[in-house]
Amino acid sequence: MAYDRPGYGDSDRLPGRRGADAARDVAEPAGALGLGRFSVLGHSSGAPHP
């Protein structure tokens, strides 16, 4: 699974968000796909986020 953080790539910017919100952005679709455990890899400006 790959995604663009809000405001990057083709995704819309969401005002008022913090870096910690990125964890939920990954956890929700992973849960919908039935992934109980997974790893996260970030690069460039995606690396400092959980």
Practice prompt. Would you mind working out the accessible area per residue for the chain, using a 1.4 Å probe, and quoting it in Å²?
Written response: 82 Å²
Worksheet item: Which whole-number percent gives the relative contact order of the chain, counting Cα pairs below 8 Å spaced six or more residues apart?
Response: 33 percent
Item to complete: For the range 1-45, give the magnitude of the charge dipole about the Cα centre (Cβ charges: +1 Lys/Arg, -1 Asp/Glu; no others), in debye to the nearest 20.
Response: 180 debye
Discussion item. Quick check on packing: order 21-27, 5-11 by the mean number of other C-beta atoms within 10 Å, highest mean leading.
Written reply: 21-27, 5-11
Discussion item. What distance in nm lies between label points placed 7 Å from Cα along the C-beta direction at A23 and A2?
Written reply: 2.6 nm
Practice prompt. Rounded to the nearest 10 degrees, what's the angle between the helix 21-32 long axis and the longest principal axis of the chain, both from Cα atoms, 0 to 90?
Written response: 30 degrees
Worksheet item: Helix-derived [θ] at 222 nm for the chain: sum -39500 (n - 2.57) over DSSP H runs of at least 4, divide by residue count, nearest 500?
Response: -7500 deg cm²/dmol
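The values are calculated or read from the model by the stated rules, or taken from the named source; none is laboratory data. Everything quoted here is computed from the prediction, not taken from an experiment. A quick note on method: Cβ atoms are made from the backbone with ideal geometry, for glycine too, and the neighbour counts reach across all protein chains shown. Heads up: the accessible areas ignore ligands, DNA and RNA and are worked out on the full protein's heavy atoms, side chains in. Shrake-Rupley method; radii C 1.70, N 1.55, O 1.52, S 1.80 Å.
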